[in-house]
Amino acid sequence: SINIPNGVTSIGREAFRDCDNLTSVNIPNSVTTIGSGAFLFCSSLTSVNIPNSVTSIGGDVFHGCSSLTSVFIPNSVTSIGNVAFRGCSSLTSITIPNSVTSIGGGAFYGCNSLTSVTLSNNITELPYDYDNYGYSYGFFRDCSSLTSITIPNSVTSIGNDAFSGCSSLTSITI
């Protein structure tokens, strides 16, 4: 486990990348930004409480955290980067608060246990992005347990491959 001391204001890019045995992190209220890939491939991390001082969550921040079952995102967060939760295969539900106005492409790509998602009423698109090989990151791509989703009225654009591989999806409300 890691106890980040109070007074730290930013968790840098890939700060804890590949910490395979990391199971818990205590993030103090002094932290305002969590950099891209901060917990990338921390495969034993089970839960994270993000304090209400954080305003920005970088891309790839929890990518590959395959044991992550819960994440609390506070109302202070306004942006979440690309593929932030990619491959979080144990994550079953998540709520994106209304404070969030932008979420990057492929945010939930490969979250194959995800059954429940509550999206912010203030996002305008479910974007996609491409990796270095030209492969598209669909927003909910390969979320094979997702059965239904409600797209908020604020969304005006749904990107390529957004629901590709969502084999259990039976209901979409737009």
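The values are calculated or read from the model by the stated rules, or taken from the named source; none is laboratory data. All values derive from a computational prediction rather than experimental measurement. Counting neighbours? That spans all protein chains shown, and the Cβs are built from the backbone with ideal geometry, glycine included. Side chains included, ligands, DNA and RNA excluded: accessible areas come from the protein's heavy atoms. Shrake-Rupley method; radii C 1.70, N 1.55, O 1.52, S 1.80 Å.
Across segment 95-174, the mean sequence separation of Cα contacts (distance under 8 Å, 6 or more residues apart), normalised by length, yields a relative contact order of 32 percent. Looking at segment 126-174, which chymotrypsin sites (Phe, Trp or Tyr not before Pro) are DSSP coil and have at most 14 other C-beta atoms within 10 Å of their C-beta? Answer by residue number: Tyr133, Tyr135.
Taking K and R as +1 and D and E as -1, what net charge do the other residues with C-beta under 13 Å from the C-beta of Tyr109 add up to?
Numbers: positive: Arg86, Arg141; negative: Asp60, Asp129, Asp131, Asp142, Asp161.
So the surrounding residues net to -3.
Based on Cα coordinates alone, diagonalise the gyration tensor for the chain, multiply each eigenvalue by 5, take square roots, and list the semi-axes in whole Å, largest first.
Working: eigenvalues 128, 60, 41 Å².
Computed over the chain, the values are 25, 17, 14 Å.
On the protein heavy atoms, probe 1.4 angstrom, tell me the percent of accessible surface of segment 40-89 carried by carbon and sulfur.
Values: 740 of 1570 Å².
On segment 40-89, the fraction of accessible area on carbon and sulfur atoms equals 47 percent.
When the chymotrypsin sites (Phe, Trp or Tyr not before Pro) in segment 17-104 are filtered for DSSP coil states and for at most 12 other beta-carbon atoms within 10 Å of their beta-carbon, no site remains. Accessible surface calculations at 1.4 Å, restricted to protein heavy atoms, place segment 28-174 at 39 Å² per residue.
What a 1.4 Å probe finds exposed on segment 135-174 is 44% carbon and sulfur by accessible area, rounded to a whole percent. The 3J(HN,Hα) values that the Karplus relation (6.51, -1.76, 1.60; θ = phi - 60°) gives for segment 23-40 are, in residue order, 10, 8, 9, 9, 9, x, 5, 7, 6, 10, 9, 10, x, 4, x, 3, 10, 4 Hz. Gly and Pro appear as x. Summary of the geometry: segment 94-147 and segment 18-86, compared by the centres of their Cα atoms, lie 15 Å apart. Our summary of shape: the Cα atoms of segment 80-166 have principal axis extents of 31, 25, 18 Å, ordered from largest down, in whole angstrom.
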